[in-house]
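These notes are about the structure you will find just below.
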Ligand SMILES: CC(C)(COP(=O)(O)OP(=O)(O)OC[C@H]1O[C@@H](n2cnc3c(N)ncnc32)[C@H](O)[C@@H]1OP(=O)(O)O)[C@@H](O)C(=O)NCCC(=O)NCCS
C-alpha cells in the first residue's frame, strides 16, 4: 500500500535539495543499483556453442592488455589474438587443465563474460603448483554488472577443488579496471614486469603508445 507520509518526505527532500538547503554530505544519494546489477548471474562451464562468442570477445578485448609503452598496431595484436583464440577453441575439451567458465544472465541465458583458467601452472620462483587466469573479459555493456566477481569466485572454488592453493593473474599496468577489481577482491601484487627498448648504444626509452597507432597493412583474414 502507498505510504503518503513517505512520498511527502521524498517531496520535501527534493525541494530542500533543489534549493541547495542541505549541506553536501547530507544530500540523499541514489543507491538504487543500475539495471545490470539487478541481474541474477550464474557461472557455468563453457559449452561448444559458446566458443564463437568467447573467441569474438577475446579478440575485441585484447587491446585493453597492450602496455602503454608499446607502439604495436592494435590490428596486429588482434590478429594474433584471433590465432590464439582459434588454438584455444581447437583444443577445447582436450586439455583437462584448461577450463573456460562463462557468466550468463540467469533468466535469458545472455552471455556476459568468460574466464579461461589454467590449472597446471607453476609459480616461477617457488615452483608451487597454482592456477592462472589466462584470460578474462566481460562484454562492455555488462561492465559493472559484477559478472567478473562471479567468474573469479567460481575460478577460486575450482582451483581449491583441484587441490591448488593459489590463483594468479597478469594485469597490464595501464589497465586499471581489472587491477581495481582484483585488489578489491583480495588479490595482491606479487611481481612487476619491467621493459626497456634496446639500441646499438644500449638502452633506449620505450616508444610509448601514440595517440593514433598506425594500423598494420591489410592482410587476408586468417582462415577459420
Ligand atoms: C576487466 C573487466 C573484466 C572488469 O569487469 P568490470 O565489470 O568492468 O568491473 P567493475 O565495473 O566491477 O569494476 C571496475 C572498477 O574499476 C574502476 N575504474 C575504471 N577505470 C579506472 C581507472 N582508470 N582508475 C581507477 N579505477 C578505475 C571502475 O570505476 C570500477 O569501480 P566502481 O565499481 O567503483 O565504479 C572488464 O572491464 C573487461 O572485460 N575489460 C576488458 C578486458 C580486460 O581488460 N581483461 C582483463 C585482462 S587481465
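From the list 191, 165, 157, the lone residue that is assigned to a loop (DSSP other than H, G, I, E, B) and away from the ligand (no atom under 16 Å from the Cβ) is 165.
Checking every residue in the stretch 100-122 against the condition of being loosely packed, with under 14 Cβ neighbours inside 10 Å and more than 21 Å from residue 42 (Cα to Cα) gives at least one match. Residues in the stretch 106-146 that are within 13 Å of the ligand (Cβ to nearest atom) and more than 19 Å from residue 59 (Cα to Cα): 132, 144, 145, 146.
Step by step: first the residues of the stretch 49-69, then only those that are away from the ligand (no atom under 15 Å from the Cβ) and touching a helix residue (DSSP H, G or I) at 6+ places or on another chain (Cβ under 9 Å), then the one that is nearest to residue 156 (Cα to Cα). Which residue is that?
Residues of the stretch 49-69 that are away from the ligand (no atom under 15 Å from the Cβ), as a first pass: 49-52, 69.
Remaining after also requiring touching a helix residue (DSSP H, G or I) at 6+ places or on another chain (Cβ under 9 Å): 51-52.
Numbers: 51: 22, 52: 25 Å.
Among those that are away from the ligand (no atom under 15 Å from the Cβ) and touching a helix residue (DSSP H, G or I) at 6+ places or on another chain (Cβ under 9 Å), it is 51.
Of the residues making up the stretch 14-51, those that are surrounded by 10 or more Cβ atoms within 10 Å (Cβ to Cβ), at pLDDT 95 or above and assigned to a helix (DSSP H, G or I) are 50, 51.
Cβ-Cβ contacts under 8 Å between residues 6 or more apart (or on different chains), taken from a first residue in the stretch 171-195 that is farther than 17 Å from residue 64 by Cβ and free of Cβ contacts under 8 Å to residues at least 12 places away in the same chain to a second residue that is more than 9 Å from the ligand (Cβ to nearest atom) and not in a loop (DSSP other than H, G, I, E, B), are listed as 189/183.
Considered as a group, the residues in the stretch 168-188 that are assigned to a helix (DSSP H, G or I) and more than 6 Å from the ligand (Cβ to nearest atom) include one that is surrounded by the most Cβ atoms within 10 Å (Cβ to Cβ), and that residue is 182. With respect to the conditions (1) at pLDDT 95 or above; (2) exposed (fewer than 12 other Cβ atoms within 10 Å of the Cβ); (3) in contact with a strand residue (DSSP E or B) (Cβ under 8 Å, 6 or more places away or on another chain), residue 91 lacks only one, and its number is (1).
The values are calculated or read from the model by the stated rules, or taken from the named source; none is laboratory data. Keep in mind that this is a model prediction, so the values were computed, not measured. Positions of Cβ are generated from backbone atoms using ideal geometry, with glycine treated the same way; all protein chains shown enter the neighbour counts.
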